[in-house]
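One structure is given below, encoded as structure tokens.
The values are calculated or read from the model by the stated rules, or taken from the named source; none is laboratory data. The shown structure was predicted, so the numbers you read here are calculated from the model rather than taken from an experiment. We place every Cβ from the backbone using ideal geometry, glycine too, and count neighbours over all the protein chains shown. Please note that ligands, DNA and RNA were not included when accessible areas were found on the heavy atoms of the full protein model with its side chains. Shrake-Rupley method; radii C 1.70, N 1.55, O 1.52, S 1.80 Å.
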Amino acid sequence: MTPEQVVNVVDFSYLSDALTKDEALEILKANKPTQAGREQKLLSDGYPAYTTSTAWLGYTDEILIEKCRTALKEGWTKFKMKVGADLADDRRRATVIRREIGYDNDLMMDANGRWDVEEAITWMQHLTEYKPLWIEEPTHPDDVLGHARIAEAMRPHDVGVATGECCSNRVIFKQLLQSNAIKFLQIDSARVGSINENIAILLLAKKFNVAVCPHAGGVGLCEMVQHIIMFDYLCVSATTAGRCCEFVDHLHEHFIEPVVIKNACYMPPKNPGYSTEMKENSVQDHIYPDGQVWAELISSGKVSK
């Protein structure tokens, strides 16, 4: 698509105080001459990813150690852990993870919106010693000013604020960027108005020079969002510096064209489409209430029909 065609699929309403259509067109035009070189690099090296599979809440030390060591052997250099349920447990797990991955690798933290604003600041002050790259979703996803307050408090500790997976539209992202509330913008492939609105958000992030690090991990989210972040690299941000895309290693077996990870990077899909077509047997097995999965749950008494 030409830059003109790209901007014509974007709805710029409610964005003109932050980004105009002409500004977006200039961004896309400026990157067009060097796009072919980035495409070759993407085909050979892929797009940088990070793993969330190593450090869920509830993992014992033994599980954490095993998963970190396995991930390191696979080439992972960026790790995310869940936090927010119990401070002592967060510190225990962060200690174990940092001991295993060292401080040359990145560690990110994700609170899944658990805290009020001041609680988030106080809690994170007890975790900054582990040098997290970011704290993700520290408070309610709609609280723009709350995120700004947390970001201000974390700046002296060199901890960025990341959010976006639960943001429902481009206007919330606009306000997060205008208020300097985030250092890392986390688009989601299915939360806003499909690819068109995500393109608007990518262009906003470029205008404000904020890194896009997409959320993924649910059923098909990795398969979808790889297309969007690779478009960002090719056409909008034109860089992978300080950026990475989330990867969670589950449920990919249900898709005809699952993501391909090589050396901790997403490798570009080769076929047209959004990589979301599911295998027919997976669909049939999960149809309610007669699919095999539901039938077994019903017969075991775990759910009622």
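Report, largest value first, the span of the C-alpha coordinates of segment 247-305 along each principal axis, in whole Å.
43, 23, 12
Under Stokes-Einstein, with the Kirkwood radius over Cα pairs standing in for Rh, what whole-number D in µm²/s applies to segment 1-130 at 37 °C and 0.692 mPa s? Intermediate results must be reported in sequence, preceding the final value.
Values: Rh = 18.2 Å.
Rounded, D is 180 µm²/s.
Going toward the positive end of the dipole of the chain, with +1 on Lys and Arg Cβ and -1 on Asp and Glu Cβ, which of T51, M81, V236 do you reach last?
Comparing the listed Cα positions along the dipole, V236 ranks first.
Report, in deg cm²/dmol and to the nearest 500, the calculated mean residue ellipticity at 222 nm for the chain, where each DSSP H run with n ≥ 4 adds -39500 (n - 2.57) and the sum is divided by the residue count.
One gets -12000 deg cm²/dmol as the mean residue ellipticity at 222 nm.
Calculate the all-directions average of the projected area of the chain's alpha-carbon convex hull, and give it in nm². Each step should come with its number before you reach the end.
On the way: hull surface 69.6 nm².
So the mean shadow area of the Cα hull is 17.4 nm².
Using amide H atoms built in the peptide plane, which far-off residues or other-chain residues are under 5 Å from F255 H to H?
Placed amide hydrogens put K279 under 5 Å from F255.
Any idea what log10 I(q)/I(0) is at q = 0.14 Å⁻¹ for segment 193-261, Debye with uniform C-alpha scatterers and no solvent?
So the normalised log intensities work out to -0.43.
Give the relative contact order (percent, whole number) for segment 1-141; include only Cα pairs under 8 Å separated by 6+ residues.
18
Distance check, please: which entries in K82/K302; K41/K262; K174/K262 exceed 24 angstrom between their Cα atoms?
K82/K302; K174/K262
If the elastic network links every pair of Cα atoms under 10 Å, which of K262, K29, K279 fluctuates the most in the Gaussian network model of the chain?
Greatest mean-square fluctuation among the candidates belongs to K279.
What list of ³J(HN,Hα) values in whole Hz, one per residue of segment 185-199 in order, does the Karplus curve 6.51 cos²θ - 1.76 cosθ + 1.60 (θ = phi - 60°) give from phi, with Gly and Pro shown as x?
9, 10, 5, 10, 5, 10, 7, 9, x, 6, 5, 4, 6, 5, 4
Sorted by accessible area (1.4 Å probe), largest first, how do C235, C213 line up?
The ranking, largest first, comes out as C235, C213.
In whole Hz and in residue order, list the ³J(HN,Hα) couplings for segment 145-159 that follow from phi through the Karplus curve 6.51 cos²θ - 1.76 cosθ + 1.60, θ = phi - 60°; x for Gly and Pro.
5, x, 4, 5, 5, 5, 4, 4, 5, 8, 4, x, 8, 6, 10
Taking loop as defined by DSSP and a crowding limit of 14 other beta carbons within 10 Å, which chymotrypsin sites (Phe, Trp or Tyr not before Pro) in segment 95-157 fit?
Qualifying residues, ordered by number: Y103.
What ranking of H126, H227 comes out by heavy-atom accessible area, probe 1.4 Å, highest first?
The most accessible residue leads, giving H126, H227.
For segment 180-248 and segment 127-147, what is the separation of their C-alpha centers, rounded to whole Å?
So the two Cα centres are separated by 18 Å.
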